[in-house]
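Inspection log for the structure reproduced underneath, given as structure tokens.
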Amino acid sequence: MDKNIYKPIDAVVEKVITETSNIKTFVLKLKEKFSFATGQFIELTVPGLGEGPFTPSSSPYETEKLEVTIMGVGGITGKLHSMKQGDLVGIRGPYGKGYPMSEFYGKEVLILGGGVGMAPLRSFLLALLKESGKFKKIILCYGSKTPGDVVYKNAFPGWKKEKNLQVLRSVDKADKSWKETEGLVTVLLDKVKIKIDNSVAIVCGPPIMMKFGTFKLLDIGYKPEQIYLSMERNMSCGLGKCGHCGLGKYFICKDGPVFTYDKIKDIPGVWD
Amino acid sequence: MSIYYLTKDSWKRLLTGLTETYDIYVLKENENKLFYELLSKEDLSGDGKIIYGKARSVQSLKSFFHLYAEDVSNLKNEKVKRIIIGVKACDLKALAVLDKMFLEGDYIDPFYKEKRDNTIIISSDCTEPRDNCFCTLLGGKPYAEDGFDLNLSPLKEGFIVEAGSDRGKAVINGNKSIFGNEAKETLNEDRARAREKITGKVNNKNKDFDLKAEFWKDLSKKHDSSAWAEHSEACVECGACTVVCPSCYCFLLADMPEKDKFKRVKYQDSCQFSGYARVAGGATPRPELYERFRNRYLCKYDYRPESLGIVACTGCGRCIEACQGGIDKREVIIDVLKRKK
Ligand SMILES: Cc1cc2nc3c(=O)[nH]c(=O)nc-3n(C[C@H](O)[C@H](O)[C@H](O)COP(=O)(O)OP(=O)(O)OC[C@H]3O[C@@H](n4cnc5c(N)ncnc54)[C@H](O)[C@@H]3O)c2cc1C
Ligand code: SF4
Ligand code: SF4
Ligand code: FES
């Protein structure tokens with residue numbers, strides 16, 4: 001019998017963690033076996049309302065539970081934000097291509113994240129830390145609007161102690177409590193010491209940050225093929241069939257969602 | 001290639017036998033338009049008028065395989081065996097696009113596959129192209145060379161029948177007494193002559209459209225042409241062009257509550273609608289009408305040839321006939337290619 005590619009598997013909300021005023025992390029327990037490669041995404045069903053694409057923010061090595069970090073912005077995410085422990089959701093996936101981890105071995109991995117874009121990057125970072133010795137160096141540059149908008153607040157102290165990891169954070173608008181950088185996340189790039197020739201940059205964040213982050217990386221010497229971007233478009237199927245996520249000849253859900261910049265830079269409207 | 005010759009009477013005897021196993025759809029004419037209808041008793045007794053030749057129907061094969069709306073919550077186990085008769089070459093080309101989208105890659109659409117697996121497709125040569133037919137401009141022909149199970153070429157008071165697949169051969173082998181021996185080679189020549197004549201007719205209908213072979217390959221460089229915005233002014237955003245198009249595959253999954261569970265429905269969708277690509281927060285990569293208008297052309301002539309290896313327009317002319325704004329895509333393309341900017 002063929003598989004119904006449109007049918008989600010059941011999952012239960014086991015815990016809801018409030019990250020910021022509009023971002024929550026949902027810990028999900030799945031009713032069937034499920035695994036993913038970091039960078040792949042899922043379609044999350046709110047029963048009776050619909051689905052949306054989200055990237056797991058937990059480690060791909062964690063197989064018992066799956067975490068997704070979600071910003072409340074509309075219908076489905078709004079409903080998700082009102083959910084409590086024990087509520088039922090559904091999951092399809094994982095879809096798309098993950099980060100090519102082994103291609104990063106021996107390199108200096110620069111992570112550039114903004115806002116809720118930290119969600120997939122946390123999963124990526126946890127995957128890197130799992131085999132930390134294989135990478136020359138890991139640098140995380142993370143920007144938020146205000147100190148209150150920083151996600152995974154409890155994880156940062158631990159990350160800052162990691163030997164092979166350097167963490168730099170910025171906020172667009174600081175308050176008295178903020179001891180780190182003030183300014184757009186791209187200013188952090190002026191502070192990092194990195195051998196660009198032997199580096200890759202992994203970028204995820206709001207569209208405007210992705211665009212200017214990429215330009216800045218090019219500016220300081222990264223080549224388009226060294227820059228890995230998480231592209232976002234409207235999605236419905238996640239399977240490369242419904243057409244919604246088209247970007248030129250690509251379907252982002254199937255050919256991405258992660259693309260090196262050289263693959264997409266000449267597509268008209270790539271940043272729109 | 002082996003071909004058979006069947007008189008209309010033998011053909012009807014064949015259909016009579018096949019009705020025991022299959023739902024059979026045939027073409028009927030209404031006000032100069034062809035529609036697929038379920039084969040009736042009268043059709044077999046001789047009173048009903050089945051059309052084999054002429055040209056393409058109003059509905060395309062999409063209406064059999066990629067439905068306007070389909071409940072995809074659960075797999076169904078209702079294998080309906082069907083035969084569709086009178087399918088034209090252009091629609092087979094479009095079916096190849098749908099097949100690539102729904103049957104290839106890492107994921108197979110089980111709803112599409114089930115229908116495809118249980119349907120026999122019997123194509124037939126065109127005999128009277130419609131005014132907006134332009135298959136030949138796209139390198140197509142008004143007769144099928146592949147993609148069918150059986151193909152009929154109307155000739156004199158009967159048909160030349162050719163098998164194009166194992167499924168087609170099985171129909172012939174299962175009805176040896178009706179098909180008899182293979183037809184003489186000379187019939188092949190008669191068929192070739194008829195086909196050449198009809199190809200000339202399609203060419204003739206398009207003689208005023210100056211498009212060179214493989215013109216679509218130049219469209220990728222014409223993204224910024226001013227012609228897109230100008231021609232899109234006549235577009236009323238009804239989406240008819242994509243609804244009638246045999247190769248437009250886009251769909252949207254929509255959920256609704258149902259008892260203690262929920263229902264998931266797969267609806268045909270259209271890139272012409274402003275909400276199609278909208279993301280949370282209201283942003284969309286194609287906010288302007290001309291950008292959506294252009295997208296339909298680039299999808300068919302640039303993106304899908306790149307990703308699927310085939311042009312996703314067959315020249316069936318349905319979108320020209322359906323357009324409320326009277327837009328003829330041939331004219332748009334000529335203008336886009338002609339202009340420097
Ligand atoms: C690969 C990928 C990974 C992502 N990962 C994350 C993540 O980890 N965390 C996160 O917070 N976000 C993530 N997002 C973004 C997230 O998917 C969206 O924010 C979410 O889908 C918004 O859903 P909503 O229903 O709340 O928003 P809404 O704005 O209500 O609706 C969003 C979708 O519904 C469509 N829509 C709304 N109204 C209509 C209408 N009337 N007609 C037609 N269509 C309509 C919109 O076009 C849009 O696609 C990701 C997106 C992608 C593509
Ligand atoms: S476009 Fe060509 S194949 Fe299609 S109906 Fe017209 S003449 Fe026949
Ligand atoms: S784009 Fe128009 S002419 Fe081309 S296949 Fe679709 S309906 Fe037919
Ligand atoms: S989301 Fe359907 S094709 Fe990408």
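Taken together, the values in this text are just the output of simple stated rules run on the coordinates, not laboratory data. It should be emphasised that the depicted structure is a prediction, and the values quoted were computed from it without experimental measurement. Cβ placement follows ideal geometry from the backbone for every residue including glycine, while neighbour counts extend to all protein chains displayed.
Observations
- 0 to 90° range, to nearest 10: angle between helix A:207-219 axis and chain A longest Cα axis: 30
- For GluC sites (Glu not before Pro), the sites in segment B:183-230 that DSSP calls loop and that have at most 16 other Cβ atoms within 10 Å are B:E214.
- The orientation-averaged shadow of the Cα convex hull for chain B, equal to a quarter of the hull surface, comes to 19.9 nm².
- Greater than 19 Å apart at Cα, pairs in A:K15/A:K84; A:K79/B:K261; B:K12/B:K62; A:K33/A:K254: B:K12/B:K62; A:K33/A:K254
- Hydrodynamic radius (Kirkwood) for segment A:128-256, which is based on Cα pairs only, to one decimal in Å: 16.6
- Gap separating the Cα centres of segment A:41-61 and segment B:192-229, nearest whole Å: 45
- Of A:V116, B:V26, B:I160, farthest towards positive along the dipole that unit charges on Lys, Arg, Asp, Glu beta carbons give the protein assembly as shown: A:V116
- Once the mean of 1/r is taken over each pair of separate Cα atoms and inverted, chain A shows a Kirkwood hydrodynamic radius of 19.0 Å.
- Rounded to the nearest 20 debye, the dipole size of chain A about its Cα centre is 440 debye, using +1 on the Cβ of Lys and Arg and -1 on the Cβ of Asp and Glu.
- For segment B:238-305 versus segment A:141-203, the gap between their alpha-carbon centres in whole angstrom: 38
- With a threshold of 21 Å on the Cα-Cα distance, the over-threshold entries among B:K93/B:K338; B:K141/B:K300; A:K134/A:K160 are B:K93/B:K338.
- Charge sum, other residues only, whose C-beta stays under 12 Å from B:Y5's C-beta, Lys/Arg counted +1 and Asp/Glu -1: -1
- Of every Cα-Cα pair in segment B:3-205, the percent that sits beyond 32 Å: 16
- Tensor-based shape of segment B:170-262 (alpha-carbon gyration tensor, a/c under 1.5 rounded, otherwise prolate or oblate): oblate
- Derived scalar couplings between HN and Hα for segment A:168-182 equal 10, 10, 9, 10, 4, 9, 7, 10, 4, 6, 7, 9, 9, 6, 10 Hz in order, rounded to whole Hz, by the Karplus curve 6.51 cos²θ - 1.76 cosθ + 1.60 (θ = phi - 60°), x for Gly and Pro.
- Computed about the Cα centre, the dipole magnitude for segment B:33-80 is approximately 260 debye when only Lys and Arg (+1) and Asp and Glu (-1) carry charge, each at its Cβ.
- Compared with the dominant Cα axis of chain A, that is its longest principal axis, helix A:118-130 is turned about 70°.
- In sequence order, calculated HN-Hα J values of segment A:96-107 (Karplus, 6.51, -1.76, 1.60; Hz; x Gly/Pro): x, 9, x, 5, x, 3, 5, 5, 8, 4, x, 10
- Note on the protein assembly as shown: the alpha carbon radius of gyration divided by the globular reference 2.2 N^0.38 Å gives 1.13.
- Cα gyration tensor of segment A:173-231 - equivalent ellipsoid semi-axes, whole Å, descending: 23, 15, 9
- Note on B:E321 and B:E37: their simple-model spin labels are 1.7 nm apart, each label 7 Å out from Cα toward Cβ.
- Extending 7 Å from the Cα toward the beta-carbon at both A:V12 and A:V187 defines two label points whose distance is 4.8 nm.
- Over segment B:215-338 - Rg/Rh using Cα atoms and the Kirkwood inverse-distance radius: 1.02
- Other-chain or far-sequence residues with amide H under 5 Å of A:C242's (modelled H): A:C237
- For A:M71, the shell of other residues with beta-carbons less than 11 Å away shows a net charge of -1, using +1 for Lys and Arg and -1 for Asp and Glu.
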